[in-house]
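S.K.: I have a structure here, written as structure tokens, and I will follow up with some questions on it.
The values are calculated or read from the model by the stated rules, or taken from the named source; none is laboratory data. The structure presented is a predicted model; accordingly, all values stated were derived computationally and were not measured. Because the Cβ atoms are built from the backbone with ideal geometry, glycine has one as well, and the counts that use them run over all protein chains shown. To get the accessible areas, we keep the full protein, side chains included, count just its heavy atoms, and leave off ligands, DNA and RNA. Shrake-Rupley method; radii C 1.70, N 1.55, O 1.52, S 1.80 Å.
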Amino acid sequence: MKLLVAVKRVIDYNVKPRVKMDGTGVDLANVKMSMNPFDEIAVEEAIRLKEKGVATEIVAVSIGPAKAQETLRTALAMGADRAILVQTDEEVEPLAVAKILAKVAEEEQPQLIVLGKQAIDDDNNATGQMLAALLGWPQGTFASKVDVSDSATVTREVDGGLETVKLKLPAVVTTDLRLNEPRYASLPNIMKAKSKPLAIKSPGDFGVDTARRLETVKVTEPPKRQAGIKVGSVDELIDKLRETGVVG
Amino acid sequence: MNTLVLVEHEGGQIKDATLSTVTAAAKLGEVHLLVAGSNVGSVAEQAAKIAGAGKVHVADDAAYEHGLAENLAPLAAKLMEGHDAFLAPATTTGKNIAPRVAALLDVMQVSDILSVEDDNTFTRPIYAGNAIATVRSSDAKKVLTVRTTAFEKASREGGSGTVEQVGGSGDSGLSSFVGMDAAKSDRPELTSANIIVSGGRAFGSNEQFHALLDPLADKLGAAVGASRAAVDAGYAPNDYQVGQTGKIVAPGVYIAIGISGAIQHLAGMKDSKTIVAINKDEEAPIFQVADIGLVGDLFKIVPELTEKL
């Protein structure tokens, strides 16, 4: 069976984002960019399904600028077989991303599409669910365990514990943090990835209108908390706690 | 404007997250509610009593019992023909269903709203709460998920909504519920607790995490939370996780013990009224947001605190 994984190039997990002085967004000039961490988990899960003999081919897809090729090369170095970049310099919202991915899915006919549950830049947590809706497929969101046979059994991290659902294939799965620990690509695999096929397309090739529905009016820093006082002993701490009126 | 709020309920009770969502919806217009589930007559009655409740749409069908998005989203999308905005709490339930509704309506969802500026304009956190974006939606209908800690809870009493049965398309046949491994606890729920004691990797083991934190939580009547590091290390189950990708909490008092204060953790608790930090490293970033800090060894401090409270 064929698997599709979607990956996004975002600000690196370890970089502290800085809001631009003019309030138009977050400063991404000269900032380290990496694969969205949840998408790394998605790529890893796809590779493990291939190693188990469940999947036969993994196609990685990204929608973004020319530099997103680097992100796709990372996916190829980890173990994806080929890649598709839908190239655009515009910021594409989850709804339009889902529409493009739905078109790619119509062409590629995968049995499973794996995506990160959210991107750590815009934090929408929407693309996978939207993609499943557009395709009319079931969805296993926030997955912490995935078993695939002639159906997919997905354990989901939900507020009250762990929920398990069974999905008909084809299906969409979005990954949570504890699904797996992504591997590092080895140097030989990084070299090999350079010769793996990477096709470049545009949103227009899929007939998808990527016009934004949400206009960003402004971006500001969150209100800052001031550091308070330090106490020297447990007794002092208890006194201060009682002053809050919450602790009896 | 008519709004439709997805009612989140469990064990026949409406969850607090729904009440905050009602408050957000009331800022936009008339509040209608959607109660979906199996044998949810009493939930519908409770919903009708929520202050400000208008029409309560009830879909009572076994297909909605486990809240499967594949079954619920078409129901909500159909009801949206008569509504202008769909709101769900930004819980795992709301986050699972709302984007599916949005795509069926060809609407770009506004996720995790912190405020309603006007009928089209909302604020929301981006970059793990390191920035706040003000966004204006050009979609005719809105689909919103609501950061519940950013809105007061509507009162459970005082409303006089009218209950109306609605039929949906039932079981899509796409997915089925297999089981729920529910975290069992007599303590308050994290997202509605007034006091939270939260532990980090410094506890060193699952045994020490529980041996030290559980008695303190019981003494305070507090919920227990954990940092991502502690959950990843297996000291606490996943639903304890507080942070950008875990639960967002804002209790009266948040006591962070052995938690360094990674940005992802702070994003989940920085709106707490009073933050207390106990950490042996006085340079730990948690102290930059803490109202009350105590530098020292948690293995000595926590038992002493539990004993003296």
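S.K.: Any chance the stretch B:127-146 includes a residue that's in contact with a helix residue (DSSP H, G or I) (Cβ under 9 Å, 6 or more places away or on another chain), more than 8 Å from chain A (Cβ to nearest Cβ) and open to solvent by 50 Å² or more (accessible area, probe 1.4 Å)?
M.R.: yes
S.K.: Could you list, in sequence order, the residues of the stretch B:117-126 that are closer than 10 Å to B:Lys142 by Cβ and either facing chain A (nearest Cβ under 7 Å) or crowded, with 24+ Cβ neighbours inside 10 Å (or both)?
M.R.: The initial filter retains those residues of the stretch B:117-126 that are closer than 10 Å to B:Lys142 by Cβ, namely B:119-120, B:122.
Across the stretch B:117-126, the qualifying residue is only B:Phe122.
S.K.: Being small (Gly, Ala, Ser) and closer than 18 Å to A:Pro182 by Cβ is the filter here, so list the residues in the stretch A:75-127 that pass it.
M.R.: Of everything in the stretch A:75-127, those that are small (Gly, Ala, Ser) and closer than 18 Å to A:Pro182 by Cβ turn out to be A:Ala75, A:Ala77, A:Gly79, A:Ala80, A:Ala83, A:Gly116, A:Ala119.
S.K.: Let me ask you something else. Quick check on the stretch B:201-208. Is at least one of its residues among the hydrophobic types (A, V, I, L, M, F, W, C) and within 19 Å of B:Ile278 (Cα to Cα)? Break it down stepwise before answering.
M.R.: Just the residues of the stretch B:201-208 that are among the hydrophobic types (A, V, I, L, M, F, W, C), to begin with: B:202-203.
From what's left, within 19 Å of B:Ile278 (Cα to Cα): B:202-203.
Within the stretch B:201-208, one or more residues are among the hydrophobic types (A, V, I, L, M, F, W, C) and within 19 Å of B:Ile278 (Cα to Cα).
S.K.: If you don't mind, another one. Can you spot a residue in the stretch B:170-178 that is open to solvent by less than 20 Å² (accessible area, probe 1.4 Å) and within 13 Å of chain A (Cβ to nearest Cβ)?
M.R.: Step one: list which residues in the stretch B:170-178 are open to solvent by less than 20 Å² (accessible area, probe 1.4 Å), which gives B:170, B:175.
Those still in the list that are within 13 Å of chain A (Cβ to nearest Cβ) too: B:175.
Yes, some residue in the stretch B:170-178 is open to solvent by less than 20 Å² (accessible area, probe 1.4 Å) and within 13 Å of chain A (Cβ to nearest Cβ).
S.K.: Could you tell me whether any residue of the stretch A:165-180 is under 15 Å from B:Val178 (Cα atoms), within 12 Å of chain B (Cβ to nearest Cβ) and of a type in the set (Gly, Ala, Ser)?
M.R.: Scanning the stretch A:165-180 turns up no residue that is under 15 Å from B:Val178 (Cα atoms), within 12 Å of chain B (Cβ to nearest Cβ) and of a type in the set (Gly, Ala, Ser).
S.K.: Pick from the stretch A:122-136 the residues that are facing chain B (nearest Cβ under 7 Å) and open to solvent by 20 Å² or more (accessible area, probe 1.4 Å): which of them is farthest from the chain's Cα centre (by Cα)? Steps first, answer last, please.
M.R.: So the first thing to find is which residues in the stretch A:122-136 are facing chain B (nearest Cβ under 7 Å), and the list is A:122-126, A:129-130, A:132-134.
Filter once more, so that each one left must be open to solvent by 20 Å² or more (accessible area, probe 1.4 Å): A:122, A:134.
Working: A:Asp122: 11, A:Leu134: 18 Å.
Among them, the one singled out is A:Leu134.
S.K.: If you go through the stretch A:80-94 one residue at a time, do you hit one that is buried (at least 24 other Cβ atoms within 10 Å of the Cβ) and within 14 Å of chain B (Cβ to nearest Cβ)?
M.R.: The answer is yes, given that some residue of the stretch A:80-94 is buried (at least 24 other Cβ atoms within 10 Å of the Cβ) and within 14 Å of chain B (Cβ to nearest Cβ).
S.K.: Shifting gears a bit: Within the stretch A:90-115, can you find the residues that are in a loop (DSSP other than H, G, I, E, B) and at pLDDT 95 or above? Full working, then the answer.
M.R.: Restricting attention to the stretch A:90-115, the residues satisfying the condition of being in a loop (DSSP other than H, G, I, E, B) are A:90-93, A:109-111.
Correct list: A:Val92, A:Glu93, A:Gln109, A:Pro110, A:Gln111.
S.K.: Let me ask another. So, in the stretch A:1-54, exactly how many residues are of a type in the set (A, V, I, L, M, F, W, C), over 17 Å from A:Gly79 (Cβ atoms) and in a loop (DSSP other than H, G, I, E, B)? It would help to see each step written out before you state the result.
M.R.: Initial filter on the stretch A:1-54 (of a type in the set (A, V, I, L, M, F, W, C)): A:1, A:3-7, A:10-11, A:15, A:19, A:21, A:26, A:28-29, A:31, A:33, A:35, A:38, A:41-43, A:46-47, A:49, A:54.
Cutting the leftovers down to over 17 Å from A:Gly79 (Cβ atoms) gives us A:10-11, A:15, A:19, A:21, A:26, A:28-29, A:31, A:33, A:38.
If we keep only those that are in a loop (DSSP other than H, G, I, E, B) too, we end up with A:15, A:21, A:28-29, A:31.
Residues that pass the stated criteria total 5.
S.K.: Give the residues of the stretch A:145-164 that are open to solvent by 10 Å² or more (accessible area, probe 1.4 Å) and either facing chain B (nearest Cβ under 7 Å) or among the acidic types (Asp, Glu) (or both), sorted by residue number.
M.R.: A:Asp147, A:Asp150, A:Thr153, A:Glu157, A:Val158, A:Asp159, A:Gly160, A:Leu162, A:Glu163, A:Thr164, listed by residue number.
S.K.: Let me ask another. Got a number for residues in the stretch B:94-112 being more than 7 Å from chain A (Cβ to nearest Cβ), part of a helix (DSSP H, G or I) and not hydrophobic (A, V, I, L, M, F, W, C)?
M.R.: Residues in the stretch B:94-112 being more than 7 Å from chain A (Cβ to nearest Cβ), part of a helix (DSSP H, G or I) and not hydrophobic (A, V, I, L, M, F, W, C): 1 in total.
S.K.: Something else now. Of everything in the stretch B:84-93, what is under 11 Å from B:Leu6 (Cα atoms) and facing chain A (nearest Cβ under 8 Å)? Give them in sequence order.
M.R.: Within the stretch B:84-93, just B:Thr93 meets the criteria.
S.K.: Could you look through the stretch B:253-268, keep only residues that are modelled with pLDDT under 95 and not in a loop (DSSP other than H, G, I, E, B), and pick out the one that is most open to solvent (accessible area, probe 1.4 Å)?
M.R.: Of everything passing the filter in the stretch B:253-268, B:Ile263 is most open to solvent (accessible area, probe 1.4 Å).
S.K.: Take the stretch A:204-220 and flag every residue that is touching a Lys or Arg at 6+ places or on another chain (Cβ under 9 Å) and surrounded by 12 or more Cβ atoms within 10 Å (Cβ to Cβ).
M.R.: Quick first cut of the stretch A:204-220, residues touching a Lys or Arg at 6+ places or on another chain (Cβ under 9 Å) only: A:205-210, A:214-217, A:219.
A:Asp205, A:Phe206, A:Val208, A:Thr210, A:Leu214, A:Glu215, A:Thr216, A:Val217, A:Val219, listed by residue number.
S.K.: Given the criterion open to solvent by 10 Å² or more (accessible area, probe 1.4 Å) and either modelled with pLDDT of 95 or more or not polar (S, T, N, Q) (or both), identify the matching residue among A:Glu57, A:Glu44.
M.R.: Working: A:Glu44 fails: open to solvent by 10 Å² or more (accessible area, probe 1.4 Å).
From the options A:Glu57, A:Glu44, the qualifying one is A:Glu57.
S.K.: In the stretch B:284-309, what residues are modelled with pLDDT of 95 or more, in a loop (DSSP other than H, G, I, E, B) and open to solvent by 10 Å² or more (accessible area, probe 1.4 Å)?
M.R.: B:Asp291, B:Gly296, B:Asp297
S.K.: Take the residues in the stretch A:199-248 that are within 21 Å of B:Ser137 (Cβ to Cβ) and of a type in the set (Lys, Arg), then tell me which one is farthest from the other protein chains (Cβ to nearest Cβ).
M.R.: A:Arg212
S.K.: Modelled with pLDDT of 95 or more and open to solvent by less than 10 Å² (accessible area, probe 1.4 Å): does that describe B:Ile113? Step through it out loud before you land on a result.
M.R.: Numbers: modelled with pLDDT of 95 or more: yes; open to solvent by less than 10 Å² (accessible area, probe 1.4 Å): yes.
When the stated conditions are applied, B:Ile113 passes them.
S.K.: Give the residues of the stretch B:222-232 that are assigned to a loop (DSSP other than H, G, I, E, B) and either in contact with a helix residue (DSSP H, G or I) (Cβ under 6 Å, 6 or more places away or on another chain) or away from every other protein chain (no Cβ under 12 Å) (or both), sorted by residue number. It would help to see each step written out before you state the result.
M.R.: Going residue by residue through the stretch B:222-232, those that are assigned to a loop (DSSP other than H, G, I, E, B) are B:222, B:227.
Correct list: B:Ser227 only.
To keep it simple, each residue is scored yes or no on (1) hydrophobic (A, V, I, L, M, F, W, C); (2) closer than 23 Å to A:Lys230 by Cβ.
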| site | (1), (2) |
| --- | --- |
| B:Ala236 | yes, no |
| B:Gln241 | no, no |
| B:Gly252 | no, yes |
| B:Leu309 | yes, yes |
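S.K.: Now, a different point. Conditions first: (1) open to solvent by less than 10 Å² (accessible area, probe 1.4 Å); (2) in a helix (DSSP H, G or I); (3) at pLDDT 95 or above. B:Pro215 passes all but one, so which condition is the exception?
M.R.: Only one criterion in (1) open to solvent by less than 10 Å² (accessible area, probe 1.4 Å); (2) in a helix (DSSP H, G or I); (3) at pLDDT 95 or above is unmet by B:Pro215, namely (1).
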